[in-house]
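Here's the structure we're looking at; comments come further down.
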There are 2 protein chains.
Amino acid sequence: MKHRPTIRDVARKAGLSLSTVSLVINNRGHVSPGTRESVQKVVRELSYHPTRSARGLASKTSGNIGFILSEEHFSQAEPFYTRIFLGTEFEAREHNYYILLTTVGNQFDPEVYVPRFLLERNVDGIIIAGKVNEKLISHIDSLGLPIVLVDFEIKRAHHSAVLIDNWRGATLAVEHLLALGHKKIAFVGGDIRHPSITDRYEAYHNTLHMAGVFLEESYEVTDEEETSVEGGTSAAERLFASGAKPTAIFAANDAMAIGCIRHLKSRGLRIPEDVAIVGFDDIEISSHIEPHITTIRVLKEEMGKIAVQRVVDSINAKTKIVVTTHVPVELIVRESTVALAHVED
Amino acid sequence: MKHRPTIRDVARKAGLSLSTVSLVINNRGHVSPGTRESVQKVVRELSYHPTRSARGLASKTSGNIGFILSEEHFSQAEPFYTRIFLGTEFEAREHNYYILLTTVGNQFDPEVYVPRFLLERNVDGIIIAGKVNEKLISHIDSLGLPIVLVDFEIKRAHHSAVLIDNWRGATLAVEHLLALGHKKIAFVGGDIRHPSITDRYEAYHNTLHMAGVFLEESYEVTDEEETSVEGGTSAAERLFASGAKPTAIFAANDAMAIGCIRHLKSRGLRIPEDVAIVGFDDIEISSHIEPHITTIRVLKEEMGKIAVQRVVDSINAKTKIVVTTHVPVELIVRESTVALAHVED
DNA sequence: GCTGGATATCGAAACGTTTTTATGTTAGAT
DNA sequence: ATCTAACATAAAAACGTTTCGATATCCAGC
């Protein structure tokens, strides 16, 4: 197995010093066009390519971006964050970076466990998807690594973030139902402390009030733990148990919407004739379930791409820049919503 | 920003040489229990952790495993390979590796493009998912890197592979239909040159023959290009156009099964009453589509995990070991199949 | 013609490990 | 006691880059 050429071989063959070759390869410094040419020629002839670890050692860069996801989100293979992750993979390649994925538990203690790529100084920047312990974030901050948050934000600390336009999405959803003649519009949410869910809830509230619609508290289920299908089922159950008689439901996300549909079907209610439903996220199965769910589309791959662009910008920038991006959303009308047949008051 | 400790700091504080500290850290060589202890104590006190790139440079290892996927499979975000990929991510963490993902086009020419992690010597082993150009494989071989193929195999060259038990899966599917009384069972496939699809087709054929069922050629659509939903639709169209009157269809995978369902519905045929359908793969939406699809479950994450185990084994082994694993499959009966009501002969 | 600032190239140090070779020490066999 | 083998530690080389400071050349401005 013959050794692959090193920068030394290139320098020798080109009759130049290591430093000059390095400058050419990195497109840096003052190198005359002539020597540049000849170096490039030799590089091509030897088909030389610098070794990542040597480069990393000397330049203190890794060429990697860390992607941190909470354990629950990863192991349940949630389609939402998976899509964001794939978006980062895609964009990272464009910028000559690789993505290193890791998961973290809910409680973070730097004494106990720190993502390995941080210990090994094996990333140049970090993307954090979804809600994680804030101690983890400040720990990474203290390492001086650029951070970009995706679908999560922290009011106090200033970090770049890529966010869903939750307020607008929820407004679109509720306005859609109002336009169809619905007034008794229930809200079904879980994990209400999550900034995204809070926003959706508040926008729901606001939109109804703006339209002059005021409902009893029983129309809002906000104390569910998880924004999962199961959470949706149990929330819907309690919604009806509380005596509410909604003609439409706005669910905090598609998973919960599916849970609602399940429960409604089990009650013998027809969707959308008896109860209309709008979800949020537009996960893949939403368009396959019966009935196809009307929802708010979120460009998940796009969010991942933007996150990578931000983190790469930060890596290259001298000064710390903070950019918050709200990714636009879109109402996708499918089968789960329909105009209210007759108003019963 | 205070410098993080190096192995030198540890050695100094412990009053030992670099080499001894290194031996302790890597759990190698003869180090007395006493010194081992004291080194570990200092490591803890300084919270020292070796730097990946330095380690990589010295030991010529990267701590990474490359995952290669064809461009089409990645960009269409095919849920099948995505799941395998997530499985590798999961297992890699257990073995202290990271996965580096890259995609390759259909035609491979080492003169034109080589995955960057190969050029940079940034992986210790390679996992290849799905069908790729064989020139790529032999190129990697010539680099001396361990290779594990997933859902693909090459007859000539001997490589470790993790395969679906396609033969058994297809047999289960067809036997299930036979047991329900079906005889006119059509096969709908695409990309017939892919080893997995070929196997499914041949097992279909074989199972029918064993049962004494012989059908005209029009019952087999094997010349479709893609194993996609669209491919399924167009294949189903041609199936009926050819005059075949199947009471059941065995589709080469779930995507095609969905395409078939779409076409059958557009023809006004009821599933499963008029035509029963069995798919293959058990992708997520199969259990959400109406009707829920009877299919062959493939443990996709498991395949990714096994692939990582194999490649890690190969990395650690001195000699080249070749292991072929057939991952078991399972028949999942859902709504798209039902007993044949009345036999019309 | 001298000075000073670009421009172009080089030499050497530095990056933080692992690995190889050497050296000393100890215990068991003779 | 002596020799040998195993064990324990050390010293130094090697890994392949980048980067910093030095040196040399060139040209414009006075």
How big is the charge dipole of segment B:7-50 about its Cα centre, in debye rounded to the nearest 20, if each Lys and Arg gets +1 on its Cβ and each Asp and Glu gets -1 on its Cβ?
-> 40
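Treating only the Cβ of Lys, Arg, Asp and Glu as charged (+1, +1, -1, -1), what charge dipole size does the protein assembly as shown show about its Cα centre? Round to the nearest 20 debye. Walk me through the numbers before you get to the answer.
On the way: 76 positive and 90 negative charges, 896 e Å.
Value, rounded to 20: 4300 debye.
Over segment A:276-345, calculate the relative contact order: mean separation of alpha carbon pairs under 8 Å at least 6 apart, over the residue count, as a percent.
Numbers: 73 pairs, mean separation 30.4, N = 70.
43 percent.
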Quick one: which residues, 5 or more positions from B:GLY125 or on another chain, have an amide H under 5 Å from its amide H? H modelled 1.01 Å from N in the peptide plane, none for Pro or chain starts.
-> B:GLY66
Please find the FRET efficiency linking B:SER47 to A:GLU94, where r is the Cβ-Cβ separation and R0 is fixed at 25 Å, and quote it to the nearest 0.05.
-> 0.10
Approximate spin-label separation B:GLU335-B:LYS60, in nm, with each point projected 7 Å along Cα-to-Cβ | 6.0
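Which GluC sites (Glu not before Pro) does segment A:282-345 hold that lie in a coil by DSSP with at most 10 other beta carbons within 10 Å? Could the numbers behind the result be given before it?
On the way: sites: A:GLU284, A:GLU301, A:GLU302, A:GLU330, A:GLU335, A:GLU344; in loops: A:GLU335, A:GLU344.
Answer by residue number: A:GLU344.
For the protein assembly as shown, what class follows from the C-alpha gyration tensor (a ≥ b ≥ c being the square roots of its eigenvalues): rounded when a/c is under 1.5, otherwise prolate if a/b is larger than b/c, else oblate? Write out the running numbers ahead of the final one.
Details: a/c = 2.10, a/b = 1.30, b/c = 1.62.
Oblate is the answer for the protein assembly as shown, as a/c is 1.5 or above yet b/c matches or exceeds a/b.
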Can you work out ³J(HN,Hα) from phi for every residue in segment B:161-178, in order, using Karplus 6.51 cos²θ - 1.76 cosθ + 1.60 and θ = phi - 60°, giving whole Hz and x for Gly and Pro?
-> 8, 10, 10, 6, 7, 4, 4, 5, x, 5, 4, 4, 4, 5, 4, 4, 5, 4
Taking the reciprocal of mean 1/r across every pair of different Cα atoms in chain B, the Kirkwood radius in Å is 22.8
With x for Gly and Pro, the residue-by-residue ³J(HN,Hα) of segment B:327-341, computed from phi through the Karplus equation 6.51 cos²θ - 1.76 cosθ + 1.60 at θ = phi - 60° and given in whole Hz, is 7, x, 10, 8, 7, 10, 8, 10, 8, 7, 10, 7, 4, 5, 5
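Quick check: from the Cα gyration tensor, does segment A:166-298 come out rounded (a/c under 1.5), prolate or oblate? Could you put the intermediate results ahead of the total?
Details: a/c = 1.19, a/b = 1.10, b/c = 1.08.
Because its axes are fairly even, with a/c under 1.5, segment A:166-298 counts as rounded.
I need the shape label for segment B:75-163. Rule: rounded when a/c is under 1.5, else prolate if a/b > b/c, else oblate, with a, b, c from the alpha carbon gyration tensor.
Working: a/c = 1.34, a/b = 1.23, b/c = 1.09.
It is rounded, given that a/c, with a ≥ b ≥ c, falls under 1.5.
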Helix B:254-266 vs. chain B, principal-axis angle (Cα, 0 to 90°, nearest 10) | 30
FRET E, pair B:ARG4, A:SER266, Förster distance 60 Å, beta-carbon r, rounded to 0.05 | 0.55
For a label point 7 Å along the Cα-to-beta-carbon line of B:GLU175, residues of segment B:268-288 with backbone N under 11 Å = none
Based on Cβ point charges of +1 for Lys and Arg and -1 for Asp and Glu, what charge dipole magnitude is obtained for chain A about its Cα centre, in debye rounded to the nearest 20?
-> 2500
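Only bridges with both residues in the protein assembly as shown count here: give the DSSP antiparallel percent, nearest 5.
The antiparallel fraction comes to roughly 10 percent.
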What FRET efficiency comes out for the pair B:GLU37/B:LEU143, r = Cβ-Cβ distance, R0 = 45 Å, nearest 0.05?
-> 0.65
Under 5 Å from the placed amide H of A:LEU149, counting only residues 5+ away or on other chains, we find A:ILE128, A:SER160, A:ALA161, A:VAL162
Take every DSSP beta bridge with both residues inside chain B and express the antiparallel ones as a percent of the total, to the nearest 5.
-> 10
Arrange the residues B:ARG121, B:ARG36 by how much accessible surface each exposes, largest first, with a 1.4 angstrom probe.
-> B:ARG121, B:ARG36
Given a cut-off of under 8 Å on Cα pairs at least six residues apart, what relative contact order in percent is computed for segment B:7-50?
-> 43
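How would A:GLU153, B:GLU94 line up by accessible area, probe 1.4 Å, largest first?
Numbers: A:GLU153 70, B:GLU94 125 Å².
I get B:GLU94, A:GLU153, largest accessible area first.
The values are calculated or read from the model by the stated rules, or taken from the named source; none is laboratory data. Just so it is clear, the model here is predicted, and its values are computed rather than measured. With ideal geometry, Cβ positions are generated from the backbone for all residues, glycine too; neighbour counts draw on all protein chains shown. Note: areas computed on protein heavy atoms with side chains; ligands, DNA, RNA excluded. Shrake-Rupley method; radii C 1.70, N 1.55, O 1.52, S 1.80 Å.
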